[in-house]
Amino acid sequence: MELTPSHAFGIQGPIRDNILVYSDSRAIEHVVYPVGCHIVCFDSESYSTRFFEQPTNYGLVTALAIAPNEKNIAAAYRATIGDGANVVVYRTNGKRVASLVHRSRVTSLCFSGDQLIGSAEDSMNIWSWETEKLSFSTSITTGNITRVSCPPTQGSSNLLVSSTGKGHCRLWIANARHRLTNSIIPSPNTEQKYDYRDHTWLTTLGTDQTLFLAIVTEPLSKDGNPCSEETKVCIYKVTDGTSSSRPRVELDQTIQTELRKGIQITTILAFRSSPGFALGGSKGTVITYDYHHDGGSHQNFVNKKRLSKESNGTVVSIQNSKEDRLLIYSDENIIHELDIDEFEGERSTFTDFLTNAGHSRGIDDMDCCMEKPLRVSCGKDKAVKIW
């Protein structure tokens, strides 16, 4: 007997980007997320779910990514036999269009046009996903990559990729005439002394070709544990990054986060409409930074708003939503909405994104009706619902 799933009641977590957001041709927002070994899409208008085409004998999802044009989604699955991975590229309608295989577990994915970049436990890889061919691959001997990303715009000759993780912070250049090469962003003597927890390429204004890369940097103690009280965000200026095989990188600004004791930053997100960004961390912490220009060559990122609610758990992922709203996913398996414009410090509150669709904080117990096709569930949100 074959069972086909039709509804999803939970989100598997936590992986780095546990939720993805896109809008369809009717401007209806959809949230894509993993449930076990499946990829599910939630329609925010009809409160319905649909499943992406499920490959057979694939394991749990380890990484997700959405293309900048919001037309394709990539998912990395853990292999059910051995240590390998399977990477599948889907259309946002859930149809599978490409399948790739790798020898070890994939930890992070990102798109750049027809290229799909994937970091693994032992290598950096670039696939031409439309032809299902591996274009570049090189082994990694130091550090542990947890994020790969590309700037919003790329040159025609080079592919620029950034990668960060514990003891790892690098820029990669892929050129048709050269092998895949990398350079250390900070000083080579200090790379191993920090946990580069996350990074993002900031939105730039005008036609300036200068790129800005924001990196969450946390020093490691002598025993290898992070020192969250000393966390900072380093803003690097990258010039000639999309046209040169040797981009120039210089530190532009260092932002002291001034975190309360016990707070650790876990993720960073660049805003779509401005060069600002948001930080997410433990105890439901969200901090936003706005961009200020002094009229000269110097720019400054200033802390604007800060919100913390311990009951929300640790923020795992922040995604841009429509109309200057953020979708925030925490390790309590909750998705929140937050309006940037209405975000007013400690007075602000998170809004449960799935309030009308189901239990927003997990299900404690379920049972079926014997005489009618009904199911009842009670959740951690103190609600009882009949399906």
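Read the figures in this text as sums done on the coordinates, not as results from a lab. Here the structure is a predicted model, which is why all the values come from computation and not from measurement. FYI the Cβ positions are ideal-geometry reconstructions off the backbone, even for glycines, and counts take in every protein chain you see.
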Lysines with Cα under 17 Å of Lys385, excluding same-chain neighbours fewer than 8 positions away:
Lys372
Which of (1) 20.1, 61; (2) 28.6, 107; (3) 21.1, 74 is the computed Rg and Dmax of the Cα atoms in Å? It is (3)
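Arrange Glu121, Glu258 by Cβ neighbour counts within 10 Å, fewest through most, would you? Don't skip to the answer; put the middle values down first.
Numbers: Glu121 15, Glu258 12.
So the ranking, lowest neighbour count to highest, is Glu258, Glu121.
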Need the list of aspartates and glutamates near Lys95 for cross-linking: C-alpha distance under 20 angstrom, and skip anything on the same chain fewer than eight residues off.
Asp24, Glu29, Asp43, Glu53, Glu70, Asp114, Glu130, Glu132
Skipping prolines and chain starts, which residues have an amide H placed within reach, meaning under 5 Å, of the one on Glu332, given they are 5 or more residues away or on another chain?
Thr314
Can you sort Cys150, Cys227, Cys369 from fewest to most other Cβ atoms within 10 Å of each residue's own Cβ?
Cys369, Cys227, Cys150
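Rounding to the nearest 20 debye, state how big the charge dipole of segment 1-154 is about its Cα centre with +1 on each Lys and Arg Cβ and -1 on each Asp and Glu Cβ. Let's see the in-between values first.
On the way: 12 positive and 14 negative charges, 31 e Å.
Dipole magnitude for segment 1-154 comes out near 140 debye.
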Kindly list the residues of segment 20-50 that lie in the label zone of Lys322, defined by a backbone N under 17 Å from the point 7 Å along the Cα-to-C-beta vector.
20-32, 42-48
Greater than 19 Å apart at Cα, pairs in Lys232/Lys305; Lys193/Lys222; Lys193/Lys305; Lys166/Lys193; Lys309/Lys380:
Lys193/Lys305
